[in-house]
1. Quick one: check the C-alpha center-to-center distance for segment 83-155 versus segment 214-272, whole angstrom.
2. Give me the Kirkwood hydrodynamic radius of segment 22-115, using the inverse of the mean 1/r over all pairs of distinct Cα atoms, in Å to one decimal.
3. Rounding to the nearest 20 debye, state how big the charge dipole of the chain is about its Cα centre with +1 on each Lys and Arg Cβ and -1 on each Asp and Glu Cβ.
4. If you wrap a convex hull around the C-alpha atoms of segment 204-283 and split its volume per residue, what is the figure in Å³?
5. What is the ratio of the Cα radius of gyration of the chain to 2.2 N^0.38 Å, with N the residue count, to two decimals?
6. Counting alpha carbon pairs within less than 8 Å and at least 6 residues apart, what relative contact order, in whole percent, applies to the chain?
7. Would you work out which of LEU230, THR209, SER197 lies farthest towards the positive end of the dipole of segment 183-251, given +1 charges on the beta-carbon of Lys and Arg and -1 on that of Asp and Glu, about the Cα centre?
8. So for the pair LYS153, GLU239, with labels modelled 7 Å out along Cα→Cβ, what separation do we get in nm?
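No value in this document is a laboratory result; all are computed from the given coordinates. In this text, all values refer to a predicted model and were calculated from it rather than measured experimentally. FYI the Cβ positions are ideal-geometry reconstructions off the backbone, even for glycines, and counts take in every protein chain you see.
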Amino acid sequence: MTKFDIIPLSDALGAEIRGLDLREKLDAETISAVEQAWYDHIVLAFRDQDLTIEQQRAFASQLGSLAPRGGEGGTKHEQAISENVMLVTNIRENGKPIGTLPDGEMMFHHDTIYKPKPHIGTLLYAIEVPSKGGNTKFNNLYKAYDALPDSIKERVKGRTANHIYDYVTISKANRKSQAGDLRENWTHPVCITHPRSERKALYVDRLMTARIDGLPEEESEDILETMFDLAERPDHVYEHEWTPGDLLLWDNLCSAHARTDFSTDERRLLRRCQIESDDTPRE
Ligand code: SIN
């Protein structure tokens, strides 16, 4: 096994892993120690990495099956490099983004929560970053679940929430709008048991969760607002300021993430791939 150090990044969540070169194939014992650190700390940061697309994919596939890119199939640049890799970038060619999720702030969200089997993990690798902003924030939804008042835990027990993603605007989808063919939606338990840690996590987010099924609309809104505020409470959040060469691996079931705003005049380019889950989330 290759020895590495685990240095916590905040009281909320996150740890930096020092001592691993991700260009190399890691042995099974090292991978299982990395997985344990991932479950314990939710977000792992590997700094100063120098990864080709193939090396990023190879590391990701040691943690599970790589997911197809999804979305609307990707841009021609994305299609040219790999079926699993998304370019998260504001770089444009002839006025059109060469990748996905190009500009500005994004509210907290779980990747693919609007699908039957949301991905368990995401790996995002920074190549170019703006001088200011474009940070990614992560929250600890185990802590948010623990902080929920008992009356709310009881009220949502056995209930599901509906999640919608609008591919066109990346803003919160309007459930009543007519653009149904541009959206995906699915329903999952409001609180889930993480399949690997067996711990309970809140499973809603401000960008994609539309409502709690079976509750009157006003009550659903009130409970969701309380949940979003708890999930985003500063002591539940770690904010990552990117440096080129950072690779972040995050748990997409017990954490949601958000992006801070950044200037349209500066380039931002990151490469993302995702790991599939075996199961649908359970309460
Ligand atoms: C994402 O939601 O996967 C993108 C996050 C980011 O651009 O920081």
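1. 6 Å
2. 15.5 Å
3. Values: 35 positive and 49 negative charges, 100 e Å.
Here the chain has a charge dipole of around 480 debye.
4. Numbers: hull volume 11.7 nm³, N = 80.
Taking only Cα atoms, segment 204-283 has a hull volume of 146 Å³ per residue.
5. Details: Rg = 18.3 Å, N = 283, 2.2 N^0.38 = 18.8 Å.
Taking the Cα Rg and dividing by 2.2 N^0.38 Å, one obtains 0.98.
6. 32 percent
7. It is SER197.
8. 3.1 nm
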